[in-house]
Amino acid sequence: AQYYLRPSNRQQQSALARLLSSLAVLEQREGKLQHGSLSAVTAAQKLGGSVTGLVAGSGIKGVAEEAAKVKGIDKVIMIENGSYDKGLPENYAPLLVENIKKEDFTHVFAGHSAFGKNLMPRVAALLDVQQVSDVTAIESEDTFVRPIYAGNAILTVQSSDKIKIITVRGTAFAAAEAEGGSAEIVEGVDPKVEIKTEWISEDLAKSDRPDLATASKVVSGGRGLKSKEQFDKIIPPLADALGAAIGASRAAVDSGFADNSLQVGQTGKNVAPQLYLCAGISGAIQHLAGMKDSKVIAAINKDADAPIFQVADVGLVGDLFDKVPELTEKLKQQ
Ligand code: FAD
């Protein structure tokens with residue numbers, strides 16, 4: 001008689017994990033690894049299998065060494081070439097494609113940042129596969145969860161493509177720990193494509209405050225602030241008293257009260273801090289899409305029926321021009 005021994009679920013899973021090999025595309029700026037992009041490593045780890053990081057640019061050795069220390073990375077591919085310094089997708093996409101083909105990766109992860117959003121659809125197109133965007137959970141090697149319609153519906157998608165090209169939402173996958181790993185560093189292939197796009201300049205908003213996308217506390221202001229002068233007078237002192245980043249609603253940005261880079265929401269940044277404190281924001285669905293995963297939401301609004309109070313853990317009905325300075329003073333006295 002012949003006996004067939006059925007592998008246990010766990011055995012099957014570990015056999016599968018051995019076949020999975022993920023590439024996490026890591027961002028660098030001015031020779032420094034961008035820790036926000038380490039959410040791609042966390043997502044790759046959740047999947048199981050081996051995790052390789054990729055960094056490219058000039059003087060990249062230091063960044064590669066930083067990446068090699070990241071917990072969960074088994075191998076780092078580095079490509080030394082100044083054309084990749086600014087992450088221009090026209091240059092970067094062929095680079096990724098060559099390295100994906102060479103190493104036969106099954107999954108490629110990048111953060112759902114401006115860099116990832118610019119790059120990954122091009123990579124998917126060059127490989128003739130579908131891209132899966134803004135993933136918030138990984139169900140299995142081919143099934144992923146992502147919000148659509150500004151978070152009003154949650155979609156579970158199954159991809160039959162051989163290579164899965166995925167961007168992940170940073171608020172759903174915490175950045176992998178920067179220390180604790182000891183990956184080997186290898187040189188990747190550089191296709192050295194003809195450079196048709198040139199970096200001219202950039203105009204970056206500089207701030208000494210915590211970065212909005214990764215801050216543990218955020219203070220946001222909306223149209224209720226009435227003017228840029230009032231916004232600047234009321235919001236920064238409260239943010240400083242809390243050690244928080246500053247955010248804004250789209251109405252506040254469109255009215256010129258706050259810089260575009262501070263917009264929170266569907267067409268702005270996604271944030272999930274420990275504390276999200278907002279004043280003069282009504283709580284439109286497009287704003288909630290960017291902040292509703294915050295651990296504690298506190299809202300100040302003079303309208304007790306404002307929709308923001310439906311999601312707020314703590315609400316204060318009152319005039320922000322009195323309440324915010326009062327709160328700021330109390331915090332300063334602590
Ligand atoms: P309002 O809705 O005008 O609310 C102002 C609030 O301030 C009111 O609730 C009022 O009671 C309160 N208030 C006024 N005076 C005081 C006072 N003295 N004291 C206390 N409270 C006061 N919005 C975003 O924020 N982010 C996005 O990314 C975004 N993307 C969008 C994408 C699309 C496709 C569309 C169509 C819209 C998008 N919006 C976005 C816009 C969104 O629909 C709202 O218009 C916007 O969020 C409203 O901003 P607000 O809450 O500051 O202003």
**Q.** Subset of region 29-49 [modelled with pLDDT of 95 or more and polar (S, T, N, Q)]
**A.** SER39, THR42, GLN45
Q) Quick one: which strands (runs of 3 or more DSSP E) sit completely within region 141-225 and have at least 2 residues that are open to solvent by 50 Å² or more (accessible area, probe 1.4 Å) and within 29 Å of LEU47 (Cα to Cα)? A) 153-158, 184-187
(Q) Can you tell me which condition GLY111 does not meet? The list is (1) within 28 Å of SER294 (Cα to Cα); (2) surrounded by fewer than 16 Cβ atoms within 10 Å (Cβ to Cβ), and all the others hold. (A) (2)
Q: Could you please find all residues in region 319-334 being surrounded by 15 or more Cβ atoms within 10 Å (Cβ to Cβ) and near the ligand (Cβ under 9 Å from one of its atoms)?
A: LEU320, PHE321, LYS323, VAL324
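If you scan region 237-256, which residues turn out to be assigned to a loop (DSSP other than H, G, I, E, B) and near the ligand (Cβ under 9 Å from one of its atoms)? Step through it out loud before you land on a result.
Just the residues of region 237-256 that are assigned to a loop (DSSP other than H, G, I, E, B), to begin with: 243-244, 249, 255-256.
Within region 237-256, SER249, SER255 qualify.
Yes/no matrix, rows are residues, columns are (1) under 13 Å from LEU26 (Cβ atoms); (2) assigned to a helix (DSSP H, G or I); (3) open to solvent by 10 Å² or more (accessible area, probe 1.4 Å):
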site: THR42; (1), (2), (3): yes, yes, yes
site: LYS46; (1), (2), (3): no, yes, yes
site: VAL51; (1), (2), (3): yes, no, no
site: ILE77; (1), (2), (3): yes, no, no
site: TYR92; (1), (2), (3): yes, yes, no
site: LYS117; (1), (2), (3): no, yes, yes
site: ALA124; (1), (2), (3): no, yes, no
Q) Which ones in region 266-300 are closer than 17 Å to GLY224 by Cα and within 15 Å of the chain's Cα centre (by Cα)? A) none
Q | Matching residues, region 271-314, being open to solvent by 50 Å² or more (accessible area, probe 1.4 Å) and more than 6 Å from the ligand (Cβ to nearest atom) | A | GLN274, ILE285, LYS292, ASP293, LYS295, VAL296, ALA304, ASP305, PRO307, GLN310, ASP313, VAL314
**Q.** Condition met for ALA298 (under 23 Å from LYS233 (Cβ atoms), in a loop (DSSP other than H, G, I, E, B) and touching a residue at least 12 places away in the same chain (Cβ under 8 Å))
**A.** no
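Filter region 214-224 down to residues that are more than 8 Å from the ligand (Cβ to nearest atom) and either free of Cβ contacts under 8 Å to residues at least 60 places away in the same chain or aliphatic (A, V, I, L, M) (or both) and give me whichever is nearest to THR328 (Cα to Cα).
Taking region 214-224 as the starting set, the residues that turn out to be more than 8 Å from the ligand (Cβ to nearest atom) are 214-220.
Right, trim to either free of Cβ contacts under 8 Å to residues at least 60 places away in the same chain or aliphatic (A, V, I, L, M) (or both) and you get 215-216, 218-219.
Numbers: ALA215: 19, SER216: 18, VAL218: 14, VAL219: 11 Å.
Among those that are more than 8 Å from the ligand (Cβ to nearest atom) and either free of Cβ contacts under 8 Å to residues at least 60 places away in the same chain or aliphatic (A, V, I, L, M) (or both), it is VAL219.
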Q) If you go through region 235-264, how many residues are open to solvent by less than 20 Å² (accessible area, probe 1.4 Å) and in contact (Cβ under 8 Å) with a residue 60 or more places away in the chain? A) 2
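Scan region 149-163 and tell me whether some residue there is in contact with a Pro (Cβ under 9 Å, 6 or more places away or on another chain), more than 18 Å from GLU27 (Cα to Cα) and of a type in the set (Val, Ile, Thr).
We begin by selecting, within region 149-163, every residue in contact with a Pro (Cβ under 9 Å, 6 or more places away or on another chain); these are 153-155.
After this cut, where a residue has to be more than 18 Å from GLU27 (Cα to Cα) as well, the list is 153-155.
Checking the rest, the ones that are also of a type in the set (Val, Ile, Thr) come to 154.
For region 149-163, residues in contact with a Pro (Cβ under 9 Å, 6 or more places away or on another chain), more than 18 Å from GLU27 (Cα to Cα) and of a type in the set (Val, Ile, Thr): present.
The values are calculated or read from the model by the stated rules, or taken from the named source; none is laboratory data. These numbers come from a predicted model, not from an experiment. Here the Cβ is made from the backbone with ideal geometry for all residues, glycine too, and neighbour counts use every protein chain on show. Quick note on the areas: whole protein, heavy atoms, side chains included, nothing else; ligands and nucleic acids left out. Shrake-Rupley method; radii C 1.70, N 1.55, O 1.52, S 1.80 Å.
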